[in-house]
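Reading through the structure tokens given below for one structure.
Derivation of every value follows stated rules applied to the coordinates shown; laboratory data play no part. Remember, predicted model here, so these are calculated numbers, not experimental data. Glycine also receives a Cβ, built like all others from the backbone with ideal geometry; neighbour counts cover every protein chain displayed.
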Amino acid sequence: MSSNHVNSPNMKLELVVFNVSDVERTKAFYENLGWRFDIDVVEGDFRGVHFTPPNSDASILFRKGVTPNNSGSAHNLVLAVDDLDAAREDLIARGVNVSDIFHYAGAPFNNAVENPRVSGRDPQARSYFSFASFEDPDGNIWLLQEITTRFPGRLWESTRAGDLDVATLASLLAETAKQHDHYKKTHAEHHWWDWYAPYLSARQNGSSSEEAAAVADRYMEEIFPVLST
């Protein structure tokens, strides 16, 4: 099976769903954590509440009104933090019962050995190896995993503006200017930034230069149809 992801469609883990017995109580718990409240949906006997941890691309949805086959607590939901001490202190200040820092006797998340949790940080101070934990009112277990340095290959390549260094952004702007030059030669006078914006947006979302130019052209035709010649 090929591991090449270059031409694979985007497939992002963005939501973890679990059940709770008291939605209001659980909603208050996650609000107290300072997580972003997104939505509260009620349809008949179903209710779902959506929260997102700070700066996370993945969210949680807890709900009531599902079949018993889907019941039970979620275990080992993992929150990556870059400073485990600071994360613990913040939760404790919010009244959350947080465990002491621990590491696993075996590899991280290995509960197959007897007494898997060992008190204290990882003796070798390795990234990924130190943890703390807490539970919500229904016993859903969260792990705080300290990640200070990512293993090689653990970050997807991205062209989002926030991930570009200055040199890469300068190169992309130069490319945009070159592509725009073709457009302005055949169209009426206009503000260059109106063309640049859709082009850059498309490139930052993975489109090729040709695809991005077509997106920018269509945008200009839709917004400023008089520019077409």
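Things to note:
- Volume of the convex hull of the chain (Cα atoms only), normalised per residue: 215 Å³.
- Share antiparallel - DSSP beta bridges, the chain, percent rounded to 5: 70
- Exposure proxy for V23, V49, V42: other Cβ atoms within 10 Å of each Cβ, ordered fewest to most, give V42, V23, V49.
- Alpha-carbon gyration tensor eigenvalues x 5, square-rooted, for the range 73-151, Å: 19, 16, 11
- Counting neighbouring Cβ atoms within 10 Å and putting the fewest first, the residues F37, F131 line up as F37, F131.
- Given +1 at the Cβ of Lys and Arg, -1 at the Cβ of Asp and Glu and no other charges, the dipole of the chain around its Cα centre is 320 debye to the nearest 20.
- Computed from the C-alpha gyration tensor, the three semi-axes of the ellipsoid equivalent to the range 161-227 are 21, 12, 10 Å, from longest to shortest.
- Each of V16, A105, I39 was scored by the projection of its Cα onto the charge dipole of the chain, and the greatest displacement toward the positive side belongs to A105; charges sit on the C-beta of Lys, Arg, Asp and Glu.
- Given charges at Cβ of Lys, Arg, Asp, Glu: the range 161-227 dipole, positive-most of W192, Q204, A214: W192
- Packing rank of 93-101, 198-206, 175-183, 113-121, where each peptide gets the mean count of other beta carbons within 10 Å, highest leading: 198-206, 175-183, 93-101, 113-121
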